[in-house]
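Have a look at the structure below, then the notes.
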Amino acid sequence: MCAEKNKLATQLADARDSVAKHRITLAKKEQHEADLESRILALGQENAKLEELANERSELLGLERESALRAELARDAVTRSLESAEAERAGLRDREGTLRLDRERLTTENVRLHTELAAVHATQRHLEETLRLAVLRPPEISGG
């Protein structure tokens, strides 16, 4: 009976050691599980931050594209405006050349007309003088 008691005592001690080891293993597993959950939570938070950064990056890329498009449209508008201004300037240069030629032609015509007018005035003075002399001179009587 003593041997049986010793055997049972040994089995009880072994069982208690086994339970203690299982408790330690369980505690380690629970701690490991808690660490994993903590890491999962941290990874979830980090993933949320990365998702937020990705969204911000996407928005920035969209804004950059929009800004680049607006800049391109503005450049196109300025280019069209410059081309239009250049065409208008060329037209004005042509018009200026035409007006210069017209002015030269009109100046030449004006000089010619003044010369003709001076000749007409000279003829008029000559005729007036001839008329005056004819009026002052007594008429000649012809014998017939």
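Computed from the coordinates by the stated procedures, all read-outs in this text should not be read as laboratory data. Every value quoted in this text rests on a predicted model; they were computed, and no experiment measured them. Using ideal geometry, Cβ is built from the backbone for each residue, glycine included, and neighbour counts are taken over all protein chains shown.
Here are the numbers for this structure:
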read-out: Net lengthening on full extension, N110/R132 (0.36 nm per residue, minus Cα-Cα); value: 4.7 nm
read-out: Value at 222 nm in deg cm²/dmol, rounded to 500, when DSSP H runs of n ≥ 4 in the chain each add -39,500 (n - 2.57); value: -36500 deg cm²/dmol
read-out: Per residue, the convex hull volume that the Cα atoms of the range 65-144 enclose (Å³); value: 109
read-out: Options L63, L117, A87, ranked by Cα towards positive dipole end of the range 55-144, top entry (Cβ charges); value: L117
read-out: Helix axis angle, 2-136 relative to the chain longest principal axis, alpha carbon, degrees; value: 0
read-out: Residue-count net charge about R39 - beta-carbon cut-off 12 Å; Lys, Arg +1, Asp, Glu -1; value: -4
read-out: Cα-based reach from K21 at 16 Å (exclusive), listing aspartates and glutamates while leaving out same-chain residues under 8 positions away; value: E30
read-out: Net charge of Cβ neighbours under 14 Å - reference R65; Lys, Arg +1; Asp, Glu -1; value: -2
read-out: Environment charge of R80, counting only residues whose C-beta is closer than 13 Å and scoring Lys/Arg +1, Asp/Glu -1; value: -4
read-out: Distribution of pairwise C-alpha distances over the chain, 5 Å bins, in %; value: 2, 6, 5, 4, 4, 5, 4, 4, 4, 4, 4, 4, 3, 3, 3, 3, 3, 3, 3, 3, 2, 2, 2, 2, 2, 2, 2, 2, 2, 1, 1, 1, 1, 1, 1, 1, 1, 0, 0, 0, 0, 0
read-out: Projected-area mean, the range 1-82, by convex hull of Cα positions, square nanometres; value: 6.1
